[in-house]
């Protein structure tokens with residue numbers, strides 16, 4: 001690698017956008033090149049002074065209202081009772097089929113409620129300065145911490161090499177039951193991975209959902225329900241889930 | 001993407017789904033608008049136009065991350081606004097009362113907070129003075145925290161271009177920052 005290439009790629013290195021192989025090449029060049037090493041230090045210093053919080057603007061409330069005012073009004077929502085009674089009264093629908101539909105309606109309802117709860121738990125963890133109960137990037141410290149606090153042993157894997165830094169763990173509540181929250185970081189984004197005991201040992205494939213701008217990847221395995229919640233984009237969250245599942249299988 | 005609402009094809013239902021997906025990104029849309037338009041009222045107009053345009057094209061949105069999709073629309077709106085106007089003279093907005101940081105690190109003393117604010121204001125001005133091609137990649141990467149892939153989507157350029165522009169942009173910003181620091185020390 002020459003200095004011209006390093007001058008470009010060092011930025012991808014700073015931004016965590018390089019795969020391990022390229023990152024090693026750039027680092028190797030920088031170790032042997034005083035000029036590039038000095039450049040890299042300058043940019044790192046510059047970035048320390050680029051605090052996003054001070055550089056952001058927040059949209060005036062009047063702008064939000066004005067946009068909302070110019071979009072079509074919400075529909076008169078059909079109440080859940082109306083939906084259920086329409087199933088029950090539906091002329092061509094047999095009682096058995098109606099029951100089946102009812103179960104489906106209720107189950108979907110349950111899932112969307114829990115989706116709301118994990119997103120709320122994620123938000124709370126960011127607001128209340130209570131991100132972790134046990135602060136450690138060592139999986140062998142985080143995992144035993146949950147002993148005696150939960151009736152499951154949550155899987156804790158170190159994904160630092162894959163670009164997701166383990167920050168620690170926390171006890172949280174979802175659906176009024178205690179769950180393990182394992183906390184990871186990707187760049188400046190926090191990922192909360194919630195683990196709760198599942199009623200069965202089935203493997204359910206991952207489903208990606210989104211609520212209030214947060215993405216949630218939900219899946220089940222080994223008697224656990226897992227939800228990964230973050231504001232990173234769906235591709236990166238999917239990558240996190242896949243790397244996590246792959247690490248568990250090792 | 002959430003499947004909910006997929007069967008609700010009324011205008012109001014679409015609007016609700018659009019609001020849930022798009023409105024949480026309003027601050028980021030507005031931030032990019034402020035840096036591209038350079039005045040608060042032009043930025044508000046651009047952000048509003050962006051959301052209305054995005055809603056009109058919501059049917060063609062095929063899932064995936066919403067933020068780069070919105071920011072790409074905003075960028076087009078801003079370009080159109082610039083094209084429609086005569087060349088805009090740059091006006092610094094350091095005195096703008098809305099230009100306060102959203103929050104402070106806990107533990108800042110008032111002095112540190114003051115210092116941080118004036119640093120931020122200097123940095124805002126320096127970013128604002130960068131040529132548009134470099135300004136937008138700095139805002140998208142450093143302030144709106146987009147990945148290279150998402151930046152490539154927004155500026156409709158290959159990732160290689162994103163990398164080289166970002167390298168150049170940081171070089172320019174660093175030089176301007178050193179010059180500004182030197183200036184303030186000799187005061």
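Among the residues making up the stretch B:121-150, those that are in contact (Cβ under 8 Å) with a residue 40 or more places away in the chain and either assigned by TED's automatic domain parsing to the domain that holds residue B:30 or under 20 Å from residue A:235 (Cα atoms) (or both) are B:140, B:144, B:146, B:150. Might you let me know whether the stretch B:42-49 holds any residue that is within 18 Å of residue B:128 (Cα to Cα) and surrounded by fewer than 22 Cβ atoms within 10 Å (Cβ to Cβ)? Looking for residues that are within 18 Å of residue B:128 (Cα to Cα) and surrounded by fewer than 22 Cβ atoms within 10 Å (Cβ to Cβ), one finds at least one in the stretch B:42-49, hence yes. Test residue A:125 against the stated conditions and say whether it is touching a helix residue (DSSP H, G or I) at 6+ places or on another chain (Cβ under 9 Å) and on the phi < 0 side of the Ramachandran plot. Answer is no for this residue.
Scanning the stretch B:63-81 for residues that are more than 13 Å from chain A (Cβ to nearest Cβ), surrounded by 16 or more Cβ atoms within 10 Å (Cβ to Cβ) and modelled with pLDDT under 90 turns up just one, B:81. Among the residues of the stretch A:14-42, the ones that are within 11 Å of chain B (Cβ to nearest Cβ) and within 29 Å of the chain's Cα centre (by Cα) come to 5 in all.
The condition of being in a helix (DSSP H, G or I) and at pLDDT below 90 does not hold for residue A:64. Quick check: anything in the stretch A:175-184 more than 24 Å from residue A:110 (Cβ to Cβ), part of a strand (DSSP E or B) and assigned by TED's automatic domain parsing to the domain that holds residue A:138? Checking the stretch A:175-184: at least one residue is more than 24 Å from residue A:110 (Cβ to Cβ), part of a strand (DSSP E or B) and assigned by TED's automatic domain parsing to the domain that holds residue A:138. If you filter the stretch A:174-185 down to residues that are under 17 Å from the mean Cα position of the chain (by Cα) and within 21 Å of residue A:115 (Cβ to Cβ), you find that the one that is surrounded by the fewest Cβ atoms within 10 Å (Cβ to Cβ) is A:174. Among the residues of the stretch A:203-220, those that are over 15 Å from residue A:111 (Cβ atoms) and in contact with a strand residue (DSSP E or B) (Cβ under 7 Å, 6 or more places away or on another chain) comprise A:203, A:214, A:215. Please determine whether any residue of the stretch B:85-96 is out of contact with any helix residue (DSSP H, G or I) (no Cβ under 6 Å at 6 or more places or on another chain), on the phi < 0 side of the Ramachandran plot and either assigned to a helix (DSSP H, G or I) or modelled with pLDDT of 90 or more (or both). Scanning the stretch B:85-96, I find no residue that is out of contact with any helix residue (DSSP H, G or I) (no Cβ under 6 Å at 6 or more places or on another chain), on the phi < 0 side of the Ramachandran plot and either assigned to a helix (DSSP H, G or I) or modelled with pLDDT of 90 or more (or both), so the answer is no. Quick check on my filter: what residues within the stretch A:221-250 are touching a strand residue (DSSP E or B) at 6+ places or on another chain (Cβ under 6 Å), within 14 Å of chain B (Cβ to nearest Cβ) and more than 15 Å from residue A:122 (Cβ to Cβ)? Listed by number, the list holds a single entry, A:234.
Among the residues of the stretch A:197-224, those identified as touching a helix residue (DSSP H, G or I) at 6+ places or on another chain (Cβ under 9 Å) and surrounded by 18 or more Cβ atoms within 10 Å (Cβ to Cβ) are A:208, A:209, A:210, A:211, A:214, A:215, A:216, A:217, A:218, A:219, A:221. Name the residue that is modelled with the lowest pLDDT, counting only residues in the stretch A:139-158 that are touching a helix residue (DSSP H, G or I) at 6+ places or on another chain (Cβ under 8 Å) and surrounded by fewer than 19 Cβ atoms within 10 Å (Cβ to Cβ). The qualifying residue modelled with the lowest pLDDT is A:153.
Modelled with pLDDT of 85 or more and surrounded by fewer than 16 Cβ atoms within 10 Å (Cβ to Cβ): is that true of residue A:171 in this structure?
Working: modelled with pLDDT of 85 or more: yes; surrounded by fewer than 16 Cβ atoms within 10 Å (Cβ to Cβ): yes.
When the stated conditions are applied, residue A:171 passes them.
Would you say residue A:120 is modelled with pLDDT of 90 or more and assigned to a helix (DSSP H, G or I)?
On the way: modelled with pLDDT of 90 or more: no; assigned to a helix (DSSP H, G or I): yes.
Answer is no for this residue.
Residues checked against (1) part of a helix (DSSP H, G or I); (2) at pLDDT below 90; (3) surrounded by 12 or more Cβ atoms within 10 Å (Cβ to Cβ); (4) not assigned by TED's automatic domain parsing to the domain that holds residue A:10:
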residue	(1), (2), (3), (4)
A:23	yes, yes, yes, no
A:27	yes, no, yes, no
A:35	yes, no, no, no
A:44	yes, no, no, no
A:54	yes, yes, yes, yes
A:57	no, no, yes, yes
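The values are calculated or read from the model by the stated rules, or taken from the named source; none is laboratory data. Because the structure is predicted, anything quoted here is derived from the model rather than measured. Here the Cβ is made from the backbone with ideal geometry for all residues, glycine too, and neighbour counts use every protein chain on show.
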